[in-house]
Amino acid sequence: MAIGHQPSNIRYGLSAIPPTIRLIEFINLLNTGSICRIFRPLVYIYHIRRKRNALDLFTMRIRNSLYWLFQIVGWGSFALINVTFAFSFEKMGTPESREMVLSRLGIFVLLGIIFTHLMRSVIIALNTLQKSIEKQISHFFVISLIFSFVIAALYMKISERLGLLNNLEKEFIDRPLLNILNSTFYFFINVIIWNLIYFIYHYVTKSRRQQLDTLRLEALVKELEVKTIKAHINPHFIFNSLNSIRALVDENPQRARRAITELSNILRSSMQSDKSESAPMEKELSIVKDYLALENMRFEDRLRIEYDIDEDTLDLPVPPMMLQTLVENAIKHGISKQVQGGVVRVSSVLKNNFHELSVLNTGFLNGHVNANGFGLSSTTNRLNLLYGNKAKFEIRQATPTLVEARVLIPFTADH
């Protein structure tokens, strides 16, 4: 094909392509996965929304089921209490009195169920439960009063049509408003109780939901803070290790190559331990040994390494890379500043229901500890996030020539 020559289907637009060819090309495009790669995020979002909508629909159905269960149980209990009182006061001694009591009660309960359900719809439409407490009280009072009057008017009208008026109501049959107002008071008491139960239920549910949301948010913030700290730890460690290797490149290339191998082992272990909030002590100790082997190439005879490890602590969980951070600080702020070098002693023991991790190094505090240094601040933050105030961390001048960084992690029999 000559340069500049365009196929007719491009020159004249997609409309010139036969539908069959367009369909085949579209299928080929699907087979290449281009469409899938382009729309995969949209499909993912669609599925998430679909699942969320399904969950919301399921939750709504459960709430509606509970609502109708409460309606039936509540009004059923009301009817049972009224029948019990009617028997107790001998108002159902004759068939006629029983028919009147049960008929009036049935109308009362039926109107109560229908109009409290309508009242609930009004409360939801007015968004009453989302307003301030003062407005909620005024709304509930006004709504209860209006619905009580409407229910009472219908109740009296139905009772009059069916001949179910009692003697007192028959005396005021020419003054229906008095009968309606009298019934309104009785209905108002029941409706206000219904609204009070409805308000308390939603208030408790809302408070519980807010507590759960708060707990979820705190857990999310905690997780994000831990991940943020981890994200800082690894670059901090890598830079110091690379500086150690750089010092060996010109002096001893063979040792530099060995150092690179050690570093790759450390980074591999570090990446694996970064996937969880804790790691076995044995695995963390392996990382520390690799790191100290790397530093030993740089310091040679200036660095002496000692270990005091209780075998019972090897399976205990510890925060990933925390022990390595303490050892790294011991090298950076202790050994590297001593002309004659010194010792780094790593200890792991069980003491007084605590897992005690200790790193001693030759050096001096000079009367203060730089708590803002990233190694120390990250250790403190991680312990606070994972164990709260149960864990302890301190740095002290253990002897005139030794500085100790000590971590106490709460220990239980089941870890």
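Around Thr128, under 13 Å between beta carbons, what's the net of Lys plus Arg minus Asp minus Glu among the other residues? Every neighbour counted, the sum reads +3. Each semi-axis of the equivalent ellipsoid for the stretch 38-216 is √(5λ) with λ an eigenvalue of the Cα gyration tensor; in descending order they amount to 43, 18, 15 Å.
Placing unit charges on the Cβ atoms of the charged side chains and taking the dipole of the stretch 38-216 about its Cα centre, the candidate lying farthest along the positive direction among Gln210, Gln130, Phe187 is Gln210.
Spin-label model, Ile72/Arg255: points 7 Å from Cα along the beta carbon direction are separated by 8.4 nm.
The ellipsoid that matches the Cα gyration tensor of the stretch 277-373 has semi-axes, each √(5λ) in whole angstrom, of 23, 16, 12, with the longest given first. Among the GluC sites (Glu not before Pro) in the stretch 138-183, none sits in a DSSP loop with a Cβ that has at most 14 other Cβ atoms within 10 Å.
Readers should treat all values here as calculations from the given coordinates under stated rules, not as data from a laboratory. Note that this is a predicted model, so its numbers are computed, not measured. Note that each Cβ is placed from the backbone with ideal geometry, even for glycine, and that neighbours are counted across all protein chains shown.
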